[in-house]
Structures are given as structure tokens and as C-alpha cells.
Amino acid sequence: MTDAAQANAQHDLEAVQTLNASYRQIKEQLAKVIVGQETVIDELLIAIFARGHCMLEGVPGLAKTLLISTLADTLSLKFNRIQFTPDLMPSDITGTEVIQENKATGERVFKFLPGPLFANVILADEINRTPPKTQAALLEAMQEHQVTTAGTRRRLEEPFFVLATQNPIEQEGTYPLPEAQLDRFMFKILVDYPSEEEEFQIVRVTTAPFKPEVSKSLSAAEINELQEIVRRVPVADHVIRYAMKLVRLTRVHKGDTPKFVQDNVSWGAGPRASQYLILGGKARAILHGRYYVATEDIVAVAAPVLRHRIITNFNAEAEGINSDKLVQELLKFVPRQETENLADARVAQFTAPVGTADEHR
């Protein structure tokens, strides 16, 4: 290994330690405001450091908005909240050009007024309450980190995350997101009711006369650097095979899929799911202080990555089987150990033989 390579490796290992320490500090700061929701917080942080977007689904009153705004505060990021409504227009979120007159010369010129998308953390509140035209305005921003207005492309600030919320129980006056747009979200995170003890703490804290203050943890520049380091985390070939197998076995019309998938799935996950499983595994590994990805990391992010990418059929709905149950069955069905993984005949269907195993396997 050259001196430059050794220096880069040492720098990455130090960054892993920094990120792990920041991860613990961020959770400590969030705990001052948010009671419980450990899994939700972990999945949000994994998505942020993997440079992904999140959809949070839960009934009203579960502190989804408060969690996202507090997280933006702890990360020293610019935060904007967009309340999606049926009358919201694309220009209301991207920005628009207005005519301004120069009082000295009398000349009139167009000036661009940026919309709320020009921030680091965007809370798209109740995203399913706005028409498809406005929902689609988010697509370019989410994928390309830019918006196009009046024929001009404008870059968004980095880092850039869209954290959307939707209410699963109220469907009147809503516009469900199409699968193509749901696929843009790295994670779909379910926000559940708190436990009895957590609800007791919530009531006690939120009805007190003081408001807790959170301290800053990471700057935007530091987050950008850590996102690049996440991409450089090595992944063993058998871990990539494991992630691919989980995804490919959801495709009911392709290859040798399990019977429980054939009976309950109308459409499976695409290649973006495999990419997000690996990126999520990399971010989770670093947040837990490891500079390699294990199959346990893939297992931990499987549900939020796959739950909105597996489309169940009428039979599954009639039997009360949702995508989360199917993901759990897949995790039981697919072997996790390297020796079992490599021995599985289905691997050969979609990957070529590889050489020496990585030392971290």
C-alpha cells in the first residue's frame, strides 16, 4: 500500500470514529425533545448519511414534524417546512420569477425568488394532499438536486434531503403517490404509537413550563464529507449477493421465487432497492463504528427499503398480509452466512463467480 493510500485509509478510519461519536451525540440531543422512537431516529440518520430521502408514515400527533425540525437543528442545517395542500402549485415550492423595476434607470428586469426547496432539509408535510403536478415538482429536486424554472437550472444547497410525511388513515382529498415517485425515497419509515411509559414521559415533558435546547453537532460541510466516506466503505461480495437475492426474489415474474411471494405479490422491487440496501448497510456500519458491511446491516435496513417497493395483490390484502410480513419471510428464507449464501444455487442465476473473500467477511 502506498503512503497516499495509507493516509487515505487512516483519514477514513478517523472519520468513522468522528461519525460514530457524532451519532451518539445527535441521539443524546434528540432525546431531550423526542421520547422513544429509537428505530425511527436510527433509520433517519442512516438515510441522511447515505444521501437518501425518507417517507415517514404515521397517524397525527406522533411528533414527526418535531423530530425532523429538531434533527435539522442538531445538524446545523437550514430547514424549511412545506405544508402540502390541494391548491399548492409547483412554483410555490420551486420559486418563481417576478418583474422588478430599477428606480434609478427605470429598467425592468426579471428576478428569481427562490422557493422553500432551497434549503438543506425539506419537510414535505402531508405530501399526499397535493395534486400530482406539484408532487412531480419534487422529482427533479430529489433526483438531480436542482430545479428548473423559466428554462434555467438552479442547483440546490448541499446536503439536500426531502423528508416527507403522510397520514395512512385519512384518504379523502388525498392523491396517493405513484410507485415511480415512491421509488425515489430510500426509506419508508413507519412511526408507531409510543409505549405506555414513553407516552407518560411525553405528557410530562410537553406540559412542563420549559423548553429544552439542543446543541449543534455537525456542519453542512462535515456532513458532505462523511457522505463521501460512507460511499467508500468496502462491501464483501457475498454481502452484495445477499442484498441482491433479497430483492430479486420479490420479482414474481422473474426466475425462481418462493411460493409465498408468488401467492401474494403482484410486482417486486427494482434495482434501486439493491443499491439502497448496500448504501443503507454502509451508513449503518459506520454509525455503529465499523468500516465494513455485514449481512446484519442489510437485515436492519431491509424493511424500510423494501416495504414501499413490494406491491401486494388482492390475495395478500384479503389474508391481511402486508409487505412487512413478506420481508420478514424473505429474511427467514434467504441464508445469511457466507458459506450458506455461496452454496445457494440461486446465486449463480444473477452473479458471476468471484475471487478471494474480503478479510472482514
Using the structure shown, list the pairs from 216/282; 27/188; 111/133; 188/259; 133/259 with a Cα-Cα distance above 32 Å, or answer none. 133/259
Calculated from backbone phi, Karplus (6.51, -1.76, 1.60) coupling profile of segment 119-133 in Hz, x at Gly/Pro: 7, 7, 10, 10, 9, 8, 7, 6, 4, 7, 9, 10, x, x, 4
With the chain treated as a Gaussian network of Cα nodes joined by springs under 10 Å, which of 281, 95, 52 yields the largest mean-square fluctuation? 95
Can you compute the charge dipole magnitude of the chain about its Cα centre, using +1 on each Lys and Arg Cβ and -1 on each Asp and Glu Cβ, nothing else charged? Give it in debye, rounded to the nearest 20. 660 debye
In terms of Cα to Cα distance under 16 Å, which lysines are near enough to residue 254, apart from those fewer than 8 places away along the same chain? 245
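Give me the number: length gained by fully extending residue 263 to residue 20, i.e. 0.36 nm times residue separation minus the C-alpha to C-alpha distance, one decimal in nm.
Extending this stretch completely gives an extra 83.3 nm.
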The base-10 log of I(q)/I(0) that the Debye equation returns for the chain at q = 0.12, 0.14 Å⁻¹, one scatterer per C-alpha, is -0.99, -1.28
For the chain, modelled as a Gaussian network with Cα springs under 10 Å, which listed residue fluctuates most, 279, 306, 66? 66
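Against the 2.2 N^0.38 Å scaling, with N counting residues, where does segment 214-341 land? I'd like the Cα-based Rg ratio to two decimal places.
On the way: Rg = 16.5 Å, N = 128, 2.2 N^0.38 = 13.9 Å.
It is 1.18.
What relative contact order, as a whole-number percentage, does the chain give when Cα pairs under 8 Å and 6 or more residues apart are counted?
Details: 552 pairs, mean separation 73.4, N = 361.
Dividing the mean separation by the residue count of the chain yields 20 percent.
For the chain, what is the calculated [θ] at 222 nm in deg cm²/dmol (nearest 500), taking -39500 (n - 2.57) for each run of four or more DSSP H residues and dividing by its residue count? Let's see the in-between values first.
Details: 15 runs with 167 residues, N = 361.
Result for the chain, helices only: -14000 deg cm²/dmol.
Once you keep just the Cα pairs under 8 angstrom separated by 6 or more residues, what percentage relative contact order results for segment 233-349? Kindly include the intermediate steps, with their values, before the conclusion.
Details: 150 pairs, mean separation 36.9, N = 117.
Relative contact order here is 32 percent.
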In sequence order, what are the phi-derived ³J(HN,Hα) couplings for segment 265-280 according to the Karplus relation 6.51 cos²θ - 1.76 cosθ + 1.60 with θ = phi - 60°, rounded to whole Hz, with x for glycine and proline? 10, 9, 8, x, 7, x, x, 4, 5, 4, 4, 6, 4, 5, 5, x
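Considering only the chain, what is the antiparallel percent among its DSSP beta bridges, to the nearest 5?
Details: 13 of 31 bridges.
So the antiparallel bridges in the chain amount to around 40 percent.
Here, each number is a calculation from the coordinates, and none is a lab measurement. For clarity, every value in this text was computed on a predicted model and none was experimentally measured. Here the Cβ is made from the backbone with ideal geometry for all residues, glycine too, and neighbour counts use every protein chain on show.
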